[in-house]
């Protein structure tokens, strides 16, 4: 049975602000089934932002696990990340989940994997997904050679990745912390949505399920 897959996430920390961007395309096998998906979320009242790549249902399960550990750790990003990957690696059911997470607060970005890894990059850029390598290369170049903000860097990096990777396209959604806004972009047009509105929408979806 084919699974739905999300694609590219990139995050950058610069000047006390972390930004994360995700494209909107979801594929089922070799078919595009959605272009407006939101693959990034704000957690803990906007203090932490996170994005996923991989199997959508698997990623949602892991995101909920991380959010739970984050609440128990009172917002401590590294502690919550370590506890999440510890369970992810050792739990018989979770170890088969096919997804990766990028998480960030106002101080740093981290990558979480099912191999038990919590990676804090030397250069504050992280990415996952099919177009992750392209997005990360672009983000590093922009971080080191331009005066663009963190949000502008992740947006531009994802645009570059989408031009190369066939599985990255659709809307680009950008979250920043501590700035609590979401920006959805398609064909040069932008829409700004308060983070709380996104959290309320996610909560409503959970309750309906």
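Quick note: the coordinates plus some simple rules give every number you see, no bench work behind them. Just so you know, these numbers come straight off a predicted model, no measurement behind them. Cβ placement follows ideal geometry from the backbone for every residue including glycine, while neighbour counts extend to all protein chains displayed.
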Counted neighbours (other Cβ, 10 Å), sorted fewest up, put 136, 64, 87 in the order 64, 87, 136
Using alpha carbon centers only, region 151-176 is separated from region 65-95 by a whole-angstrom value of 27 Å
Computed over region 1-133, the convex hull of the Cα set has an average projected area, in nm², of 8.0 nm²
Simple spin-label estimate for residue 159/residue 106, 7 Å along Cα→Cβ, in nm, reads 2.9 nm
Placing each pseudo-label 7 Å from Cα in the direction of the beta carbon, residue 115 and residue 79 end up separated by a distance in nanometres of 2.8 nm
So residue 122 and residue 61, fully extended at 0.36 nm per residue minus their Cα-Cα distance, gain in nm 19.1 nm
Listed with the fewest Cβ neighbours within 10 Å leading, 106, 13 appear as 106, 13
Full extension between residue 17 and residue 141 adds, at 0.36 nm per residue less the Cα distance, a length in nm of 42.9 nm
quick shape note, region 85-130: Cα extents on principal axes in Å, largest first -> 33, 23, 15
Expressed in nanometres to one decimal, the distance between label points 7 Å along Cα→Cβ at residue 45 and residue 98 is 3.9 nm
